[in-house]
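Below: the structure, in structure tokens.
The values are calculated or read from the model by the stated rules, or taken from the named source; none is laboratory data. Note that this is a predicted model, so its numbers are computed, not measured. Note: ideal-geometry Cβ built from the backbone for every residue, glycine included; neighbour counts use all protein chains shown. Quick note on the areas: whole protein, heavy atoms, side chains included, nothing else; ligands and nucleic acids left out. Shrake-Rupley method; radii C 1.70, N 1.55, O 1.52, S 1.80 Å.
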Amino acid sequence: MSDKLEIEGEVKGFGEEYSTATFKKKTLVVETGGEFPQKYCIEFVNSKEELLDLITVGQRVKVHINVKGREWVSPEGVAKYFTSLNGWKIEVLS
């Protein structure tokens, strides 16, 4: 399976915004169309977060993403797994 995908849909909003001296992250919520629409929260990290500066709610967009997975082990030794959608390019369709 390729971990490089595209999601097309309408911008529903912006979520979490986070920054430190060395790290920046913004999130974008995109809803797909069709019979069973889905809402995806896509992260834009570091220099890629600037791609969202000209995006507005209601626009139709195509977002190019990478799917990232990682493991985190708690101090008690319990493993948890996380999946992220990381945007690296965004195209306005309308």
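Looking only at segment 43-64, decide whether some residue is basic (K, R), in contact with a strand residue (DSSP E or B) (Cβ under 6 Å, 6 or more places away or on another chain), in contact (Cβ under 8 Å) with a residue 60 or more places away in the chain and not in a loop (DSSP other than H, G, I, E, B).
For segment 43-64, residues basic (K, R), in contact with a strand residue (DSSP E or B) (Cβ under 6 Å, 6 or more places away or on another chain), in contact (Cβ under 8 Å) with a residue 60 or more places away in the chain and not in a loop (DSSP other than H, G, I, E, B): absent.
Please find, within segment 1-22, the residue that is most open to solvent (accessible area, probe 1.4 Å) out of those that are more than 15 Å from L85 (Cβ to Cβ) and modelled with pLDDT of 95 or more.
Restricting to residues being more than 15 Å from L85 (Cβ to Cβ) and modelled with pLDDT of 95 or more, the top hit is E10.
Give the residue that is surrounded by the most Cβ atoms within 10 Å (Cβ to Cβ), with candidates limited to residues of segment 52-81 that are modelled with pLDDT under 95 and of a type in the set (A, V, I, L, M, F, W, C).
V67
From S84, S94, which residue is assigned to a loop (DSSP other than H, G, I, E, B), in contact (Cβ under 8 Å) with a residue 24 or more places away in the chain and in contact with a strand residue (DSSP E or B) (Cβ under 9 Å, 6 or more places away or on another chain)?
After ruling out the rest, the residue left standing is S94.
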